[in-house]
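So the structure is just underneath, and the comments pick up after that.
The values are calculated or read from the model by the stated rules, or taken from the named source; none is laboratory data. These numbers come from a predicted model, not from an experiment. Because the Cβ atoms are built from the backbone with ideal geometry, glycine has one as well, and the counts that use them run over all protein chains shown.
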Amino acid sequence: MPLIMLDYKKFSWVVFVLFFMGCQTTPKVQRTQGEALGTTYSILYADTHQNEAVLDSIDAVFLRMNQSMSTYWPNSIISKINRGEKVPTDTDFRKVFRAAQQVWKQTDGYFDPTVGALVNAYGFGPAKPLATIDDSAIDSLLVLTGFSKVLLLDDGTLQKEHKNSSLDFNAIAKGYAVDALAEMLKSLGYSHFLVEVGGELYALGIHPEKQQPWRVAIDHPKQELARNYIATLPLQNQGLASSGNYRKFRTDAQGNKYVHTINPKTGKTVKSDVLSSSVLAPTTMLADAYATALMAMPFEKGKTLVDSLPQVEALWVLAEKDSVRVVATKGFPFTLQ
């Protein structure tokens with residue numbers, strides 16, 4: 001009997017040790033990163049190990065985005081619509097379309113996804129750019145531009161006033177992709193993560209190791225040889241998107257330089273003292289769209305807009321002689337670097 005009792009105690013001790021070791025499941029930051037949507041992505045989430053379901057689900061989300069809204073995929077829904085085909089849209093497309101319509105109205109047309117023809121003409125889209133962009137060319141392209149000229153019908157198809165009008169959701173779809181990845185992580189049971197796609201972000205919960213909100217940075221618009229930041233801020237249960245003219249530009253054969261922000265009202269690339277804009281919003285999709293609009297709008301008009309929007313805050317970097325000036329709304333919690 002004592003031997004049996006002794007064996008039982010040994011067995012109990014082994015079970016206890018194994019149980020104790022099994023309880024060492026303090027979540028740590030797991031990272032997965034790669035390339036998608038013509039840019040890079042990085043996803044951090046709290047777990048004890050890498051989850052293969054996360055990796056598989058990331059690929060599935062990006063595939064959905066491309067099939068729906070990629071202007072670089074010839075068989076995507078948006079590409080077919082741009083060619084004049086009448087095709088049913090999917091849930092992702094309709095969500096983005098309706099959000100774009102909302103921001104278009106709020107920004108008085110400074111945000112307009114029907115700039116696709118202009119984007120192509122300036123060399124920032126999938127089609128061949130125009131060799132020279134003069135007033136005559138711009139006028140002909142403006143005929144195709146205007147979000148009031150496209151209509152989402154009850155049957156889910158899109159009606160265009162002009163067959164050659166071209167939609168471009170690049171200024172909002174990347175933010176939507178971030179939100180879709182966030183929803184995917186939530187569906188897998190995660191409540192602490194940071195999603196980034198091409199610089200657009202969404203954070204939920206806190207950093208599992210630091211036990212503090214996730215901390216992110218905003219690029220300095222005047223980059224030197226090494227990448228540097230102009231501000232940092234905590235990000236929690238919000239989306240953050242930035243837009244700027246300091247990286248994307250094109251020079252034509254005549255030496256004219258065109259930045260990628262286009263004013264939908266004039267059809268011309270924007271020249272202003274606004275070097276970059278960063279927006280906090282409940283979703284990254286909305287932050288993405290508003291950040292784009294603020295680059296096209298005069299600064300004061302953009303500031304008035306943001307002040308009128310609940311749960312939206314913004315930070316601008318303005319050119320000032322040989323330096324820059326940072327202006328932010330009261331609720332934007334930044335620290336200058």
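Brief remarks follow.
- Index of the failed condition, L233 passing every other in (1) modelled with pLDDT under 95; (2) assigned to a strand (DSSP E or B): (1)
Conditions tested, residue by residue: (1) modelled with pLDDT of 85 or more; (2) touching a Phe, Trp or Tyr at 6+ places or on another chain (Cβ under 7 Å).
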| site | (1), (2) |
| --- | --- |
| Y229 | yes, no |
| R247 | no, no |
| Y258 | no, yes |
| I262 | no, yes |
| A281 | yes, yes |
| A289 | yes, yes |
| G302 | yes, no |
| D322 | no, no |
| F334 | yes, no |
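- Where I138 falls short, out of the listed (1) over 17 Å from the mean Cα position of the chain (by Cα); (2) outside any helix (DSSP H, G or I); (3) closer than 28 Å to K301 by Cβ: (2)
- Among residues of the range 84-106, those that are over 18 Å from the mean Cα position of the chain (by Cα), buried (at least 16 other Cβ atoms within 10 Å of the Cβ) and under 21 Å from L305 (Cβ atoms), counted: 1
- Within the range 142-168, residues that are part of a strand (DSSP E or B) sit with their Cβ atoms under 8 Å from residues that are among the acidic types (D, E) and surrounded by fewer than 17 Cβ atoms within 10 Å (Cβ to Cβ), at 6+ positions apart or across chains, in these pairs: V150/E161.
- Of all residues making up the range 291-300, the number that are over 21 Å from K174 (Cα atoms), touching a residue at least 12 places away in the same chain (Cβ under 8 Å) and not in a loop (DSSP other than H, G, I, E, B): 1
- Tally of residues being charged (D, E, K, R), in contact with a Ser or Thr (Cβ under 8 Å, 6 or more places away or on another chain) and within 19 Å of S148 (Cβ to Cβ) across the range 77-110: 0
- Test for A180: is it touching a residue at least 24 places away in the same chain (Cβ under 8 Å), under 15 Å from A100 (Cβ atoms), out of contact with any strand residue (DSSP E or B) (no Cβ under 8 Å at 6 or more places or on another chain) and not aromatic (F, W, Y): no
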